[in-house]
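Every number here is computed from the coordinates shown, using simple stated rules; none is lab data. Computed from a predicted model, the values in this text were never measured in an experiment. We place every Cβ from the backbone using ideal geometry, glycine too, and count neighbours over all the protein chains shown.
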Amino acid sequence: MKTEIYKSLGLTDEEYKKIVSVLKREPTPTEIAMFSVEWSEHCGYPRSRSLLKLLPKTGKYQTLIGEDSGGIIVDDLAIVFKMESHNHPSQVEPKQGAATGIGGIIRDIFTAGARPVALLDSLRFGPLTKSYNRYLMKGVVDGIAFYGNCVGIPTVGGEIYFDESYTGNCLVNAMCIGVAKKDALVRARAYGLGNAIMYVGASTGRDGIGGCSVLASREFSEGEEKRPSVQIGDPFTEKCLIEATLEALATGHILGIKDMGAAGLTCSTSEMASAGNAGIEIELQLVPKREAGMEPWEVMMSESQERMLACVKEGKEDEVKLIFTKWGLNAVVVGRVSDDGIVRIKDKGNIIAEIEAHALTQAPIYEMSSKEPDYINSLNHLDINSIAEPKDYNKVLLKLLGSPSLATKEWVYEQYDHMVGTNTIALPGSDAAVIRLKETNKAIAATTDCNSRYCYLNPKRGAEIAVAEAARNLVCSGAEPAAVTDCLNFGNPEKPDRFWQFKGCIEGIVNACISLHIPVVSGNVSFYNESPKGPIYPTPAIGMIGIIDDIDKTCTQYFKKEKDIIILLGICKEELGGSEYLKEIYGLIKGNAPELDLELEKSVQCTVKEAIKEGLVSSAHDCSEGGLAVALAECCISNRGKMIGATIYNLPFNLRKDALLFGESQSRVIISCGKESFDKIADIAKKNKAPFCAIGECGGNDLKVVNNGEELISLLLEKLYAEWAHSLEKKLQER
Amino acid sequence: MKFGVVVFPGSNCDRDCYYVIKDILRKPVSYIWHKETDLNGFDCVILPGGFSHGDYLRAGAIARFSPVMNTIADFADKGGVVIGICNGFQILLEAGLLPGAMLRNKGLHFICRYEYIKVENSDTPFTGIYKMGQILRMPIAHNDGNYYLDDEGVADLEKNKQVVFRYLSNPNGSVNNIAGIVNKKGNILGMMPHPERSSETALGSKDGLYIFESMVKWLENKR
């Protein structure tokens, strides 16, 4: 075979040699295409697999690790969830890129037999001062709304951050959560000689051909036309597919089912056969097509959306077909399960590919070299004395609240239907989204977190913080953190400094998850996130779910009552490294990520959990980007209907004033409570060895922070709100 | 007394309506597939929200051709009670069972949030429990909720007291702040806000439940 052919598919000379030795012959064009996608980083994880094995798989709840998603068991329910990236397609065509990202992650959930109940999105863009970044953000939000609203799954939470490193390579990570009775779960497997392989859903076209090998597994270079590789989403078909699939699964006739996402038929046939230790034989002429004259390899590689492959009990094909037909969908027997472990693809009866399923799914594992990047040493050194303290802290606070990363994302989440399903107990805008489980008294809390600036300055600690903060957010909503899905976005792993970041972040996730006893049950790796200007910040987005045992004990972040006492759990340190303050006020990305003491973290989290469970707490809010001052402001203004002010008069920390107000020390939570609960909370904190301090009182129509008799902050709530609420929309409307 | 929830391909609030009737209201309810042509035994039919047929053409424009729609027209003719919520309202407009049309929201975005609406007519099968002028808190979630009707038509609606709900602050550009209307006979209601999403305090408001309770009361009195 000509070198250009396999190189154009992203395969190296060594990989080609290996394919020839596996097949003991030259591959056919269809076979080489199949190997190229299955061995790509997107499907086969050749560069990350050895490190991913280190992630812990057990925790407080029984875990489920499936082929395409994972989850936990809570009583007789399975909660299945996963987060996945759709970065490169979104950078090329934001609306469809984001929309199909949502579609794909939803299919991973309902093909497990679970009804999807919530979506979250973790998004990163370059600064909104650039018009293309504004176009990207509007397009991505539009795509998420277009798809998510139509399929009727509430988009309940997520995060959006802005940084120069994402100019040229935005990130769109979508997370879906589903719920099933635990014995109704299905796997993505084909087995049982003679059972039918059915193609269900939309027809196959030429859209998205080579999407995962071309788009997801290489860097962007300027001026390349990649639009034909982006798929087009049809949420209406997806909605019908959800209902038809869940109805069909309830018959018990479907033994296994898998989404045809990345690499379409190639992935679904080879991975279902491999997972079931069986073979599959299909005839491409039987595949429903929407375009004439498609080449066999195009049919195998197409990433047309809203399609799935199912393994159906022999003799039950018609019954299954009837259900899909009712919903206006294709359901065609395209082949059968064989017992020779071979994926055999025929076209008009001629064999065009014949490969052992395991050979396709066991991509080679590469030992990657890793080297600490040069920037680490110079950036980690921050001389705090070289930074002048600001004269007007009010101005600084207003500027931070109005910065796109900290401003409220109301403009975004109001465009998403976040209530459909009537399970959304805590509306977007608090630390975590809360979704009740009907027919029980329990609820799921969910969040996504990652401060990529911390990961850039210190990958290991940054990733630890991402896990700790996600858990802290859940705890603040009254939940017990239960399990993680990780979406690992990095640059080109073939470059040792990028791989060093990846390795560090994995170590951090492993460390924090083991310490907090939280398993990683599903995830996704997205490498090659680079533009000609360089790589993105390492961004290991952490999606975490937790369980609230009693929905009446759900907690939100905003102050509830005048005269409530405000308590700070944790310690304020003189830490300004990597802060939003340094970036927004001084344009500095410098220093080290804040310290993280996982023992202290546990003490604080246990205290919050217990206090909420005892019904002692009015509000609980994590202290993160923007520090204590921003967190206090959010407590005051994030319930627009009933804003409550605060006076802070006791901050017994001997620090620079800017570090006190805007430093981002970890493991801090602000809670408020009635006077009658104060002593009990103090006892719980003492028992858990959590640093505890009453810092002020709720009330009034302004936020005042007084330190050693000096009034550092004094601002009317309306003023804080105006800055926080309207700045994002204003910035997006610039021309 | 029996409720039916119509399911069009693409309906996505069908399960939410079903849940409210069955688990909150505790009344008999079943789904009605859009190809059904027999509504015998039903006292009330709910057209739920969602994106019937993807709303790829105009919201509700395809669903109105579903076989069930002719049957619903007959059902209403004979005095059956019909409520269309969000996409259900849009379908009723497209089917000509209610006057007017929906335009894209004035801000050109989908909007999902709580709004306040005012009860303008408490003498309908849907609002008997409310007081005249009562303010209700209910969520909206739509792309095309900008109700339009020509001046003459609106004057007619107002004169006949067909405007049942009005937004306090107009979120979508609707003429006369209209959030919900009934037909002349008063037995078909179309509204954009979602009462099924505001039928439990756990969700933030119970104000919507009284629409369903009013219907029950009205049907019971009719017997």
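In table form, for the structure just shown:
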| quantity | calculated |
| --- | --- |
| Cα convex hull volume per residue for the stretch B:3-222 (Å³) | 107 |
| Radius of gyration, Dmax [the stretch A:3-361; alpha carbons; angstrom] | 19.7, 61 |
| Principal axis dimensions, largest first and in whole angstrom, of the stretch A:681-735 by Cα | 56, 28, 19 |
| Radius 11 Å from Cβ of residue A:390, net charge of other residues (Lys, Arg +1; Asp, Glu -1) | +2 |
| Label-point gap, in nm, between residue A:76 and residue B:56 - each point 7 angstrom along Cα→Cβ | 4.0 |
| Square roots of five times the Cα gyration tensor eigenvalues for the stretch A:657-698, Å | 22, 14, 7 |
| Cut-off 18 Å (backbone N to label point 7 Å along Cα→Cβ of residue B:38), residues of the stretch B:1-27 | B:2-7 |
| Computed over the stretch B:42-199: relative contact order in percent, which uses C-alpha pairs under 8 Å that are six or more apart | 26 |
| Translational diffusion of the protein assembly as shown, µm² s⁻¹ [Kirkwood Rh, Cα pairs; Stokes-Einstein; 37 °C; 0.692 mPa s] | 113 |
| Distance from the stretch A:404-459 to the stretch A:636-693 (C-alpha centre basis), Å | 22 |
| Selection from A:477, A:700, A:98, by position along the positive dipole direction of chain A (Cβ) | A:700 |
| Cα-based helix-to-principal-axis angle, A:29-38 vs chain A, degrees rounded to 10 | 20 |
| Helix-only CD estimate at 222 nm, as mean residue ellipticity for chain A, using -39500 (n - 2.57) per DSSP H run (n ≥ 4) | -10500 deg cm²/dmol |
| In order through the stretch A:335-347: 3J(HN,Hα) via Karplus (6.51 cos²θ - 1.76 cosθ + 1.60), integer Hz, x for Gly, Pro | x, 9, 7, 10, 10, 9, x, 10, 8, 10, 10, 10, 10 |
| Proximal charge balance of residue B:159 [Cβ under 14 Å; K/R count +1, D/E count -1] | -3 |
| Stretch gain in nm, segment residue A:389-residue A:181, where the contour uses 0.36 nm per residue and the Cα spacing is subtracted | 69.2 nm |
| Residues residue A:706 and residue A:378, FRET efficiency given R0 of 35 Å [Cβ-Cβ distance, rounded to 0.05] | 0.35 |
| Kirkwood Rh, Cα atoms: Rg over Rh of the stretch A:71-187 | 1.05 |
| P(r), alpha carbons of the stretch A:558-604 - 10 Å bins starting at zero, rounded % | 21, 31, 32, 16 |
| Sparsely packed GluC sites (Glu not before Pro) within the stretch A:464-537, loop by DSSP, other Cβ within 10 Å at most 16 | A:494 |
| The stretch A:353-442 - Rg (one decimal) and Dmax (whole number), Cα, Å | 25.1, 73 |
| Over the stretch A:534-642, equivalent-ellipsoid semi-axes from the Cα gyration tensor in Å | 28, 18, 15 |
| Simple spin-label estimate for residue A:131 and residue A:62 in nanometres, 7 Å along Cα-Cβ | 5.8 |
| Square roots of five times the Cα gyration tensor eigenvalues for the stretch A:470-611, Å | 31, 21, 14 |
| Rh (Kirkwood; distinct C-alpha pairs) - the stretch A:403-473, Å | 14.1 |
| Label zone at residue B:109, where the point sits 7 Å out along the Cα-to-Cβ direction: the stretch A:372-410 residues whose backbone N lies under 13 Å | A:408-410 |
| Cross-link reach list, lysines versus residue A:326, counting only Cα pairs under 21 Å and skipping chain neighbours closer than eight places | A:239, A:258, A:289, A:313, A:316, B:35 |
| Average Cα contact separation per residue, the stretch A:57-192, under 8 Å, 6 or more apart, as relative contact order % | 37 |
| Estimated FRET transfer efficiency when R0 is 35 angstrom, pair residue A:20-residue A:292 (beta carbons, to 0.05) | 0.55 |
